[in-house]
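Heads up: the structure comes next, in structure tokens.
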Amino acid sequence: MCGIIGYIGKKRAAPILFDSLKKLEYRGYDSVGIASINGDAEIEIKKGAGRIEAVNERMNFLSVNGSIGIGHTRWATHGGVEDKNAHPFLSCNGRFALVHNGILENYLELKEDLVKKGHTFTSDTDTEILVHLVEEEVKNNGEKDLVKIISDLTKIAKGAYTFLLLDAKDHIIYAFRKDSPIIIGIGEDELFASSDITSFLEHTNKVIILENNQLAVLKEKYTIYDTQTGKEVKQKITTIDWTTEQASKTGFPHFMLKEIFEEVEISKHSLEQDSLKLNGMIEVLSKAKKVFFLGSGTSFRACLLASIYFAKIAKKHFMPILGSEYKTYQNLVDKDTVIFAISQSGETADVLQGITLAKAKGARVVSLINVIGSTIMRESDQYLTLNSGPEIAVASTKAFISQVLILTLLAFGVADRLKEGREHLYEVVRKLESIMNQSDSIAMLSKDVLNKNDLYLIGRGVSFPIAMEGELKIKEIAYIHADALAGGELKHHTLALIEPGVTCIALVPNDDTKDDMINNIMQIKARGGEIIGISSEHLELFDHYIPIPKVHLEPLLMIPVLQLISYYLSVIRGNDPDFPRNLAKSVTVL
Ligand code: G6P
């Protein structure tokens, strides 16, 4: 999704913006641009469709002068992926430039009005309206109070519009938040404003996370206003404990591989939850009449897995719901309901929409998030954090394992077996390294056996959502058609597709699903299918075998195996696993 960055300080803005934009790349984008006020108090803009490096070759971002500027990575919503639709946009008089994250709902009628008033538009975007609107209001209000003018925008523009406005006359950046995040970074003699902490983390870890409808005015110092009351507000400065090392590849070819390997360490941090918060969450879940898990993508797979463990371990029926399907279940939600939102980014629009609707019905909202200060965290009555550090690759890996570990711990907690749960989970964590040590053989197997156009994954019990997560990953970054199914479903449909040459990955943990899985494997083999077995036991039925250590919660060790398979398949096929086509890390649109 769109990423925004602003810089004001004593250094040249262009190289800082360029570096920050590279750090925003992971969010997913199709165009990029920067604007800076050069020595003559004129705004210079360089922008275009394409990847940052490619656009830079055409435009030479670094040639832009000035020590105050804004930048943007665009993920197209209104208007095609073309140079003219890349941000920033300039007002007719050249005084203002603007970058935006969000969607303006009434942009067509506003555009019509502005065209009548003589404004010329250069793009097909909704965003461009905003910069002309500010220009028009400044003209009508006799150049007065910009804070008031921007505050009044909420009465005119509808939708989500977090933006940065660069003012070449007064040398100010205005940062306004409406619905998607904006974080102010406070450095030595310099200020940043961005949709993402990691984009300026190498300069400062002191931040202010703006609330909705707050406006930060950045000059030598910063001032923050509540645009609803017009009053200045004091916001707390938070120190973020993420490190720049966590947000860089540190010798790994891709963020995704680095993040999979990081699971060995971060899993321990995930399990080290603050006991007050953990017990508080266990209490809420234990007492709740109804609990709905809410998540999207990989986080939804964690919801599914959690619902199975809560059933098995805690004898609780907690229902998993896809963020985008929340409305279907709205009738079931009331003041006795707990919505348990699971989200790495804490910004996923589908999940947020569900939260808003559920709150309106009096539901209690709790969450499990990775990004401190994220919208879902702030909308929650209670939350736990994943403690995974920044996750940069679009495909979620270390956050998924953290989600699964914490949710399983909660299931044990609700069953009043917290100590035992901890022991089982630490046993899993201690064995993660042995999976990473097999990465070379997993890479070979991926190349020699799994590089097919279709793959099937079968599992039962908790191994089923794990197979589903494997399917998601293989599709997401390897662009291979994959299909996960519960073993018992084979005979209802997919056996029709099994013939010699068809490859199935079978998840065979040493638990109560094992015997049934063996039956399913025999059904596949009887029709000529080939089996890659992931198990702690080398069964003769396997054509190829990926060993995992024998532990109590064995299926959890299959997670990194499938992540590594999808990673290597992606690389073998010449894809960039960190930036899957058409997908974004943080999906802030519905
Ligand atoms: C996007 C990402 C996925 C992620 C999903 C939910 O689709 O590409 O990796 O699983 O959003 O994100 P969340 O931040 O809510 O976990």
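The values are calculated or read from the model by the stated rules, or taken from the named source; none is laboratory data. Worth saying up front: this structure is predicted, and the values here are computed from it rather than measured. All Cβ positions, glycine included, derive from the backbone under ideal geometry; neighbour counts span all protein chains shown. Just so you know, the surface numbers come from the protein's heavy atoms only, side chains and all, with ligands and any DNA or RNA stripped out. Shrake-Rupley method; radii C 1.70, N 1.55, O 1.52, S 1.80 Å.
Structural remarks
- Some residue of the stretch 457-475 being more than 16 Å from the ligand (Cβ to nearest atom) and surrounded by fewer than 18 Cβ atoms within 10 Å (Cβ to Cβ): no
- Selected residue [open to solvent by less than 20 Å² (accessible area, probe 1.4 Å), within 16 Å of the ligand (Cβ to nearest atom) and in contact (Cβ under 8 Å) with a residue 40 or more places away in the chain] from Val449, Val366: Val366
- From the list Asn520, Asn575, Asn510, Asn582, the one residue that fits, being more than 16 Å from the ligand (Cβ to nearest atom) and part of a loop (DSSP other than H, G, I, E, B), is Asn510.
- Top-ranked residue of the stretch 165-176 - restricted to ones that are more than 15 Å from Glu190 (Cβ to Cβ) and surrounded by 24 or more Cβ atoms within 10 Å (Cβ to Cβ), ranked as farthest from the chain's Cα centre (by Cα): Ala168
- Glu379 crowded, with 23+ Cβ neighbours inside 10 Å, touching a residue at least 24 places away in the same chain (Cβ under 8 Å), within 14 Å of the ligand (Cβ to nearest atom) and of a type in the set (D, E, K, R): no
- The strands (runs of 3 or more DSSP E) found wholly in the stretch 156-249 and carrying at least 1 residues that are of a type in the set (Ser, Thr, Tyr) occupy 162-167, 172-176, 191-194, 222-226.
- Against the test of being of a type in the set (Asp, Glu), over 27 Å from the mean Cα position of the chain (by Cα), open to solvent by 10 Å² or more (accessible area, probe 1.4 Å) and closer than 30 Å to Ser296 by Cβ, the options Asp511, Asp543 yield a single qualifying residue, Asp511.
- Against the test of being more than 21 Å from the chain's Cα centre (by Cα) and more than 24 Å from Gln246 (Cβ to Cβ), the options Phe300, Phe310 yield a single qualifying residue, Phe310.
- Within the stretch 28-44, the set of residues being more than 13 Å from Ile68 (Cβ to Cβ) and either within 16 Å of the ligand (Cβ to nearest atom) or out of contact with any His (no Cβ under 9 Å at 6 or more places or on another chain) (or both) comprises Gly28, Tyr29, Asp30, Asp40.
- The set of residues in the stretch 198-219 that are aliphatic (A, V, I, L, M) and either open to solvent by less than 10 Å² (accessible area, probe 1.4 Å) or not assigned by TED's automatic domain parsing to the domain that holds Lys139 (or both) comprises Val207, Ile208, Leu210, Leu215, Ala216, Leu218.
- Taking the criterion of being away from the ligand (no atom under 15 Å from the Cβ) and polar (S, T, N, Q), the only residue of the stretch 291-316 that qualifies is Ser307.
- Screening the candidates Lys139, Lys144 for the property of being open to solvent by 40 Å² or more (accessible area, probe 1.4 Å), more than 13 Å from His78 (Cα to Cα) and not in a loop (DSSP other than H, G, I, E, B) yields one hit, Lys139.
- Residue-level check: of (1) among the hydroxyl-bearing types (Ser, Thr, Tyr); (2) over 30 Å from Tyr568 (Cα atoms); (3) touching a helix residue (DSSP H, G or I) at 6+ places or on another chain (Cβ under 9 Å), Thr385 misses just (2).
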